[in-house]
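Report on the structure given below.
The values are calculated or read from the model by the stated rules, or taken from the named source; none is laboratory data. Values in this document were obtained by computation on a predicted structure and should not be read as measured data. Quick reminder, even Gly has a Cβ in these numbers, built from the backbone with ideal geometry, and neighbours come from all protein chains shown.
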Amino acid sequence: MRTRREFSLMLFLVLVIVAALAAISTRASARVNSQQDPSTVPALHGKKLVMKDGSFQLVRSYQVEGDRVRYFSIDRSEWEEIPTSEIDWAATKKAQAEEAKQDVALTAKIESDEAEAKIAPLDVDASFEVLPGVFLPPGDGFFILDGHAIFPLLQSSASTKNSKRHTIERLIVPIPIIPSQTSVDLPGRHAKFRITNPTPEFYFRSSDDVEPQVELIQAHVKGDKRHIENIDSLFGQRSDNGKTISLQSWQVAKGVYRFTLGQGLAPGEYALAEFSPKEGINLLLWDFGVDAASKKSTERK
């Protein structure tokens, strides 16, 4: 039966052997097969000292001290020395030049990708994020961003009157526009959807990816209706009656367009008008109202 001393000695020998094998393995991993071109092996955030046998040491930094080269090994995280005669200096300079070229190319690609990402519209669907944690609802048409909440706007029913024919037609949009002065009446004195924010933003999702022609129009209450005059003259030339509000627009994703105001909205009644030539000359309307901030009427339907 072995004594405790003999058992401890055997355990010590086993540990020594394991440590020696680990050291040999580490040394072997630091040397690359001499048949592989060192300039094609990634430096992995270090520099390469190429040996004359074709292998290399991966180092954080190095310095020549007489006939020795002192370097900090990335593999072993310690300082080591090697004779300068073992280093292929021409191959070392070639490898480092190649690494510098790769770094420049990688940096240029990253900058190019970032610039393209800023310019090119994103190809996204209903998951488009208009604000952190605020997503555009699915479906086509207009949406209104009121503070940190976004809501779909419903198309409006309306009646039209043509100044030449003097006829009134009750219909659901799209509204056919005859090339002449056409006025539009929206039913009711007030739109059902209302906000108190004078500077909302608008988003439009197109079903055919075609950029919409849009005007924001202020209506005036006339009896039990909201009246919009000369609707057909708004497109192609700016109306001078002061009823249109300037909009700035740009594409933010495939088929998605953002509209912001050039001025704040006064309390009143408004309609977003989209000119659509798909089936003749048609007009689509989405209405909403703006209340004074002191009012608490925020009914949304």
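In table form, for the structure just shown:
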read-out	value
Test: residue in the range 192-199 that is under 34 Å from the mean Cα position of the chain (by Cα), farther than 18 Å from ILE217 by Cβ and at pLDDT 75 or above	yes
Qualifying position, being modelled with pLDDT of 90 or more, surrounded by fewer than 19 Cβ atoms within 10 Å (Cβ to Cβ) and of a type outside the set (Lys, Arg), among GLN251, GLN263	GLN251
The one condition in (1) modelled with pLDDT under 85; (2) of a type in the set (Gly, Ala, Ser); (3) over 30 Å from THR199 (Cα atoms) that ALA115 fails to fulfil	(3)
Whichever residue in the range 62-89 is within 16 Å of MET51 (Cβ to Cβ) and of a type in the set (Gly, Ala, Ser) and, among such residues, is surrounded by the fewest Cβ atoms within 10 Å (Cβ to Cβ)	SER85
